[in-house]
Amino acid sequence: MANQIRQLCDAAAGTTEVLQGNIAFAVGCVRGGVHAADGYPGTPSTEVIDRGLSEVQDRITVGWSVNEAIASAVAHGHSMAGRDCVVTMKIPGLFQAADAFTTGALYGMPRGAVVYYIASDFIPSATQHTIDPRYLFRSCFVPVLEPRNHQEMHEAAALAVDIARTHRTQVVVMPSGDLCHSEGLVRMMAPQSREPVEATSGYREFNALPNIARANYDRAVKERMPALTAMVERSPLNRWEKGSGKMGVITYGICDMYSREVRKSCWHDLDILSLAFSNPLPMDLIRRFHESIRGPVFVIEDGYRFVQESLQLAGLKVEGKAAEDPLTEWTPTLVAQRLGFELMRQRPSVPPVPRPPSICPGCPYRLFALEVAAMRNKGLIDVVFGDIGCYALLYFLNAVDTALCMGAGEATRQGFVLSHPNEVSRCLAVVGDSTECHTGMAATRNAVYRNIAGVKVILDNSWTAMTGGQPSPTSPANLAGQAMRFDLPATLSGHGAKVVVVHAYDRTEIREALKTALAEAAEGVFSTIVVRDGQCLRQSDASTQRVTADPDVCKQCGLCLVCPGIEKGPDGAPVVTQLCSGCGGHTPACVQMCPFGALHAVSPDASAPATAPHYPKPPESIPLPDLSQTQLPDRLSLAIRGVGGQGNLFFGRVLTRLAFLAGYGEHNIVKGETHGMAQMGGPVISTFACGDVVSPMFLPSTADVLIALEQGEVLRPGFLEVLNPAGTVLLATTRIVPLGLPADKYPTDAQIDEALRGYAVRRVDVLARALELGDPTGRMANVVMLGLLSSVKPFDVFPVELWHEALRSVNAAPAVWAANYAAFNAGRTM
């Protein structure tokens with residue numbers, strides 16, 4: 001990724017590339033001359049630093065802070081030094097940083113820019129609430145820029161810095177999470193550079209004393225806001241797409257994309273006023289638009305009803321959402337329906353497979369969760385107070401009950417036992433290592449300070465794992481690669497807490513530590529149990545260790561079936577699945593769960609010859625055919641459903657390169673992706689479209705092909721409805737039954753066939769084909785399916801050489817390219 005980011009930062013102005021929204025913004029920070037960036041990982045904002053700016057640390061000062069409030073103060077310090085700084089977070093992070101945000105909002109002295117990049121998630125996909133912060137922004141008198149597409153994401157940082165410097169204000173850039181994680185065509189902006197701002201009044205005005213705060217407020221109201229209002233009124237970024245005047249839409253942010261998709265497909269003479277800023281609003285422009293419309297005017301906005309209520313308070317008659325309407329994020333289909341179009345096709349009668357997200361196979365948290373669930377079943381634990389992180393998924397293992405906000409689990413436990421002292425030895429608080437360092441340690445201090453007995457468990461996997469494995473104070477090194485000096489157990493001990501450290505893959509040690517700590521809680525002791533020595537497996541080297549069952553000893557009791565990496569085989573004995581991770585080389589959880597000693601961990605003999613499959617050598621270079629005489633479709637689109645971990649995202653990367661090679665970069669290319677907790681074994685969807693397209697989310701009857709990498713996923717609501725009546729469904733026969741789901745709750749082949757009656761369907765066993773090719777994990781099944789796609793209309797219009805070159809360009813490593821080449825060609829013959 002580092003080379004790609006560097007190349008994008010150095011590319012000539014006007015160079016086109018398809019970029020994820022967060023990456024487009026990150027590259028825009030560097031090309032826009034921003035001096036620094038700070039933040040805390042939070043989906044959907046994380047990639048700005050994690051996959052973007054962290055790769056070019058020689059060009060921008062960048063780092064992860066322990067929480068959003070600290071990151072905001074770091075950004076404030078950069079600005080006092082005259083340097084421009086972006087600070088990244090999601091909406092709950094804004095409220096964690098609210099003290100710094102609200103105080104800093106009113107500073108009006110010459111300084112470097114402070115730009116808050118606050119990614120919204122109003123669905124929510126990976127956020128604990130859907131609170132709309134625009135009301136807070138308005139009360140803080142800060143301008144709010146809401147990008148509408150990937151190009152505006154790319155240019156947002158430089159624009160925000162200019163506004164911040166000109167109007168002496170901090171600026172909010174608030175993109176939709178769908179825009180952050182989808183991909184679109186971006187043309188590289190011209191590089192810019194800025195000298196740091198020289199402070200003209202010293203530093204003493206950067207103070208929160210009441211007399212200074214009063215003067216800052218007055219200046220913001222009387223000087224800043226009128227100037228900002230004049231700016232947004234004349235901004236060329238506001239777009240008025242004129243139609244017949246029969247119906248109008250006022251929109252902003254990603255809803256602009258959805259509204260224009262409807263205009264293109266359903267109502268070509270729809271009038272749209274698209275706003276660049278949600279605060280302040282260009283009321284004069286809005287009134288002129290409103291007066292030009294003879295029929296109804298709709299406000300289409302995500303979140304609550306901020307603009308709608310603002311316009312209604314100003315006396316304008318507009319339609320939008322009722323006060324009791326729970327809708328918080330639109331889609332093109334929902335926009336079309338609100339405007340009066342009925343587009344939905346009949347939905348499948350078979351309910352989809354319930355597929356909650358889950359911790360990864362072999363996760364170091366699993367044995368802890370199993371022990372807690374067992375103690376609950378025995379009546380030893382009544383409630384477990386949880387927190388925000390991967391361990392929140394222990395809810396689905398009956399090992400966590402509650403979650404409030406980052407770091408709140410232990411404090412909630414304290415309040416609970418203060419009101420119910422008899423529960424002090426019958427409850428736990430559970431937090432992750434990065435969350436403990438974020439805000440959880442304040443509750444640890446509070447327990448010691450107020451002498452509140454109880455048990456707090458800290459699950460330490462050494463990373464901020466839920467958001468992709470960013471470094472935290474418990475990681476081996478920080479973002480700059482400097483060795484970590486922070487010692488979590490020593491820090492807890494220094495607070496005055498009793499500290500017990502146990503191994504994450506030692507079931508007996510975990511059980512005994514919990515029993516002892518709960519017993520001591522009844523005697524007035526506050527204990528912290530640190531469960532460690534098991535790094536997040538996604539950040540560790542892959543283990544070749546696997547598990548085998550002795551059929552003569554196995555009683556087929558099912559007690560070992562605790563992980564997606566193991567399942568009941570045809571004869572009733574447990575067998576390892578392709579999802580098995582070997583528990584990172586530690587004693588596997590399933591082995592420890594077997595009471596009969598029938599399971600054994602095995603590793604390949606290091607002295608034995610390698611048995612890796614041998615693939616024919618693929619071409620090192622691929623001559624590309626001349627497409628000048630080929631009639632390419634004006635528009636192509638497909639949607640792919642599967643289960644987190646099946647490789648949906650790989651499809652999009654290959655198809656993007658294919659579209660570029662075919663010349664669609666002169667038009668538009670968009671790609672949508674599911675991110676967040678659904679990636680943890682939950683249902684995921686990816687979309688791709690090129691040509692005459694606007695949105696990465698589709699209207700009904702507009703997709704040429706649907707692909708289901710897991711057969712039950714084809715039943716997800718809204719999936720079949722987007723297929724063009726002449727389109728094709730490619731259905732993998734792969735079954736991934738969620739852990740604990742009774743066999744009779746998974747739809748039968750007959751039920752799925754009935755749901756697909758009337759559709760053109762090709763049912764294929766891509767997993768079996770991948771296994772035949774020598775892939776023991778089955779992870780090449782997605783490449784096999786890609787090969788099949790290349791033979792299906794309308795995607796068969798592209799010569800095979802283009803497909804091969806697209807596939808090679810995604811990963812040209814010789815071993816990977818050889819395997820992918822073989823799998824792709826195998827798919828073409830199915």
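The values are calculated or read from the model by the stated rules, or taken from the named source; none is laboratory data. All values derive from a computational prediction rather than experimental measurement. Counting neighbours? That spans all protein chains shown, and the Cβs are built from the backbone with ideal geometry, glycine included. Accessible surface is based on the protein model in full, side chains and every heavy atom, while ligands, DNA and RNA are left aside. Shrake-Rupley method; radii C 1.70, N 1.55, O 1.52, S 1.80 Å.
Counting only residues 5 or more places away or on other chains, whose amide H sits under 5 Å from the amide H of I736 once H atoms are built in the peptide plane?
Correct list: Q711, G712.
With +1 on each Lys and Arg Cβ and -1 on each Asp and Glu Cβ, and nothing else charged, work out how big the dipole of the chain is about its Cα centre, in Debye to the nearest 20.
That gives the chain a dipole magnitude of about 900 debye.
Net charge within 14 Å of P633 by Cβ-Cβ distance, Lys/Arg positive one each and Asp/Glu negative one each, not counting P633 itself?
In short, -2.
From the square roots a ≥ b ≥ c of the eigenvalues of the alpha-carbon gyration tensor of the chain, which class results: rounded (a/c under 1.5), prolate (a/b over b/c), or oblate?
oblate
Give me a comma-separated list of calculated 3J(HN,Hα) values for segment 120-134, in order, Karplus coefficients 6.51, -1.76, 1.60 applied at θ = phi - 60°, integers in Hz, x for any Gly or Pro.
Taking θ as phi minus 60°, the curve returns 8, 8, 7, 5, x, 9, 8, 9, 7, 7, 10, 5, 8, x, 5 Hz for segment 120-134.
What number comes out for accessible area per residue over segment 214-301 if the probe is 1.4 Å? Units Å², please.
Per residue, segment 214-301 has 40 Å² of solvent-accessible surface.
For segment 192-253, state which GluC sites (Glu not before Pro) are in a DSSP loop and have at most 13 other beta carbons lying within 10 Å of their beta carbon.
Within segment 192-253, the qualifying GluC sites (Glu not before Pro) (loop, at most 13 other Cβ atoms within 10 Å) are E198.
Count neighbours as other Cβ atoms within 10 Å of each site's Cβ, and list the GluC sites (Glu not before Pro) in segment 500-598 that are DSSP loop with at most 10 such neighbours.
Answer by residue number: E523.
With Cβ to Cβ distances under 9 Å as the rule, what net charge do the other residues near I685 carry (K, R +1; D, E -1)?
0
Sorted by average packing, counted as other Cβ atoms within 10 angstrom per residue and highest first, what order do 656-663, 445-452 take?
Put in order of decreasing packing, that is 656-663, 445-452.
Rounded, prolate or oblate: which fits segment 686-830, taking a ≥ b ≥ c as square roots of the Cα gyration tensor eigenvalues, rounded meaning a/c under 1.5, else prolate when a/b beats b/c?
It comes out oblate by the Cα gyration axes.
Mind checking which lysines have their Cα closer than 19 Å to the Cα of K745? Skip sequence neighbours fewer than 8 apart in that chain.
The qualifying lysines are K568.
Of V197, G440, F795, which is farthest towards the positive pole of the chain's charge dipole, taken about the Cα centre with +1 and -1 on the beta-carbons of Lys, Arg and Asp, Glu respectively?
Highest projection toward the positive end goes to V197.
Round to the nearest 0.05 the FRET efficiency obtained for N211 and Q57 when R0 = 45 Å and r is the Cβ-Cβ distance.
Between N211 and Q57 the formula returns 0.65.
If you keep only loop residues by DSSP, which chymotrypsin sites (Phe, Trp or Tyr not before Pro) in segment 119-203 have at most 12 other Cβ atoms within 10 Å of their Cβ?
Of the chymotrypsin sites (Phe, Trp or Tyr not before Pro), the ones in loops of segment 119-203 whose Cβ has at most 12 other Cβ atoms within 10 Å are Y203.
Using each residue's phi in segment 802-815, evaluate 6.51 cos²θ - 1.76 cosθ + 1.60 at θ = phi - 60° and report the 3J(HN,Hα) Karplus result to the nearest Hz, with x for Gly and Pro.
5, 4, 4, 5, 4, 5, 5, 5, 6, 7, 9, 4, x, 5
Specify which residue in the list G644, A743, F526 is farthest towards the positive end of the charge dipole of the chain, using unit charges on the beta carbon of Lys, Arg (+1) and Asp, Glu (-1), about the Cα centre.
Farthest towards the positive pole: F526.
From the Cα gyration tensor of segment 47-160, with a ≥ b ≥ c the square roots of its eigenvalues, which class applies: rounded if a/c is under 1.5, or else prolate if a/b is larger than b/c, or else oblate?
Because its axes are fairly even, with a/c under 1.5, segment 47-160 counts as rounded.
Ranked highest first by the average count of other Cβ atoms within 10 Å around their residues, in what order do 416-422, 327-333 fall?
Averaged packing, sorted descending, gives the order 327-333, 416-422.
Looking only at the chain, where both bridge partners belong to it, what percent of the DSSP beta bridges are antiparallel (to the nearest 5)?
If we restrict to bridges inside the chain, about 35 percent are antiparallel.
Which order do the peptides 47-56, 90-99 take when ranked by the mean count of other beta-carbon atoms within 10 Å per residue, highest first?
47-56, 90-99
If the chain between R187 and H268 were fully stretched, how many nm would it gain, using 0.36 nm times the residue separation less the Cα-Cα distance?
26.5 nm
Read phi for every residue in segment 655-669 and hand back ³J(HN,Hα) as whole Hz from Karplus 6.51 cos²θ - 1.76 cosθ + 1.60, θ = phi - 60°, with x for Gly and Pro.
With coefficients 6.51, -1.76 and 1.60, one gets 5, 4, 5, 4, 4, 4, 4, 7, x, 6, x, 7, 10, 7, 9 Hz.
Straight-line reach from K456: which lysines have Cα under 29 Å away, leaving out those fewer than 8 places along the same chain?
K90, K378, K498, K515
Which value, in debye to the nearest 20, describes the size of the charge dipole of segment 524-666 about its Cα centre when Lys and Arg Cβ atoms bear +1, Asp and Glu Cβ atoms bear -1, and nothing else is charged?
Magnitude of the dipole: close to 300 debye.
Excluding residues fewer than 8 places away in the same chain, name every one of the aspartates and glutamates whose C-alpha is closer than 20 Å to that of K222.
Cα-Cα hits under 20 Å: E205, E233, D284.
Where the centroid of each part is defined by its Cα atoms, how far is segment 31-67 from segment 732-782 in Å?
After rounding, the separation between the Cα centres reads 40 Å.
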